[in-house]
Amino acid sequence: QKEVEQDPGPLSVPEGAIVSLNCTYSNSAFQYFMWYRQYSRKGPELLMYTYSSGNKEDGRFTAQVDKSSKYISLFIRDSQPSDSATYLCAMRGVDNQGGKLIFGQGTELSVKP
Amino acid sequence: ETGVTQSPTHLIKTRGQQVTLRCSSQSGHNTVSWYQQALGQGPQFIFQYYREEENGRGNFPPRFSGLQFPNYSSELNVNALELDDSALYLCASSAGDLGGPYNEQFFGPGTRLTVL
């Protein structure tokens with residue numbers, strides 16, 4: 001069993017839809033939870049991070065962490081064609097030097113005009 | 001665009017050969033991490049270098065090795081290449097203990113390695 005599970009999709013939605021992306025994990029030591037966006041042939045770029053449980057909102061993006069269920073989500077409101085990319089969840093424990101990130105498989109999202 | 005650069009962009013090698021990939025970290029960052037991303041998969045942690053010392057290693061064999069230089073740039077070396085080594089190799093730099101408890105990792109564009 002992988003430490004982080006993520007539905008690979010692909011997920012196709014019409015422009016303006018609300019998108020829900022999810023990951024589950026098994027390691028209770030994870031404290032930092034991140035969502036990265038990766039366009040084709042590019043490196044991942046950080047969208048949001050959350051420390052421990054709770055919600056965080058940034059514009060059209062909302063990240064939720066439920067540590068009791070070992071479940072994290074990313075919601076995208078009013079999705080745009082420019083949101084079409086692969087979305088990777090990542091997590092790690094607490095350490096001083098940034099530590100290794102454990103990634104999910106990534107969900108490929110396509111937003112149709 | 002992050003300030004992390006990688007070279008070369010693409011590389012084709014044959015099985016059994018050796019390869020060296022390079023990474024220049026973002027200004028002010030003293031930590032570099034390397035990841036392997038196979039097609040359709042998430043990145044997998046190879047190892048991390050902090051102030052020129054290896055500081056953590058993932059589940060990769062010893063033929064994957066690295067270096068970090070005094071200017072904090074880094075190399076990833078892979079010996080005895082296998083077909084399964086074909087992947088996108090990503091490096092990420094971070095501020096280490098200077099960056100506080102979170103220490104965001106900034107990724108470069110990657111080097112795409114094809115092993116024939």
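The values are calculated or read from the model by the stated rules, or taken from the named source; none is laboratory data. Just so it is clear, the structure is predicted and the values come from calculations on it, not from any experiment. Here Cβ is always computed from backbone atoms with ideal geometry, including for glycine, and neighbour counts include all displayed protein chains. We work out accessible area using only protein heavy atoms, side chains counted, and drop any ligands, DNA or RNA first. Shrake-Rupley method; radii C 1.70, N 1.55, O 1.52, S 1.80 Å.
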Has the range A:45-58 got any residue that is outside any loop (DSSP other than H, G, I, E, B), acidic (Asp, Glu) and under 30 Å from B:Thr9 (Cβ atoms)? yes
Within the range B:31-42, does at least one residue satisfy the condition of being under 18 Å from A:Ala90 (Cα atoms), more than 10 Å from chain A (Cβ to nearest Cβ) and over 15 Å from the mean Cα position of the chain (by Cα)? yes
Need pairs with beta-carbon distance below 8 Å; first residue over 16 Å from B:Asn79 (Cβ atoms) and within 9 Å of another protein chain (Cβ to nearest Cβ) and within the range B:47-65, second part of a strand (DSSP E or B) and open to solvent by 40 Å² or more (accessible area, probe 1.4 Å); sequence gap 6+ or separate chains. B:Gln48/B:Glu54; B:Gln48/B:Asn55; B:Gln48/B:Arg57; B:Gly58/B:Gln44
Test: residue in the range B:71-94 that is farther than 25 Å from A:Gln105 by Cα and surrounded by 22 or more Cβ atoms within 10 Å (Cβ to Cβ): yes
Consider the range A:80-99. How many of its residues are of a type outside the set (A, V, I, L, M), at pLDDT below 95 and surrounded by fewer than 24 Cβ atoms within 10 Å (Cβ to Cβ)? 6
Kindly provide the set of residues from the range A:80-99 that are hydrophobic (A, V, I, L, M, F, W, C) and not in a loop (DSSP other than H, G, I, E, B), ordered by number. A:Ala85, A:Leu88, A:Cys89, A:Ala90, A:Met91
Residue check, B:Asn55 against (1) open to solvent by 10 Å² or more (accessible area, probe 1.4 Å); (2) at pLDDT 95 or above; (3) within 22 Å of A:Phe103 (Cα to Cα), all met but one. Which one? (2)
How about the range A:15-36: which of its residues are within 11 Å of another protein chain (Cβ to nearest Cβ) and surrounded by fewer than 22 Cβ atoms within 10 Å (Cβ to Cβ)? A:Gln31
Any residue that is more than 15 Å from B:Thr5 (Cβ to Cβ), free of Cβ contacts under 8 Å to residues at least 24 places away in the same chain and more than 12 Å from chain A (Cβ to nearest Cβ) - is there at least one of those in the range B:66-80? yes
Residues that are assigned to a strand (DSSP E or B) and among the polar types (S, T, N, Q), drawn from the range A:26-44: A:Gln38
Quick one: in the range A:100-113, of everything that is in a strand (DSSP E or B) and charged (D, E, K, R), which residue is surrounded by the most Cβ atoms within 10 Å (Cβ to Cβ)? A:Glu108
Mind counting the residues in the range B:9-30 that are over 12 Å from the mean Cα position of the chain (by Cα) and either buried (at least 21 other Cβ atoms within 10 Å of the Cβ) or of a type outside the set (A, V, I, L, M) (or both)? 13
Scanning the range A:67-79 residue by residue, those within 28 Å of B:Gly56 (Cβ to Cβ), touching a strand residue (DSSP E or B) at 6+ places or on another chain (Cβ under 7 Å) and either part of a loop (DSSP other than H, G, I, E, B) or open to solvent by 60 Å² or more (accessible area, probe 1.4 Å) (or both) turn out to be A:Lys70, A:Tyr71
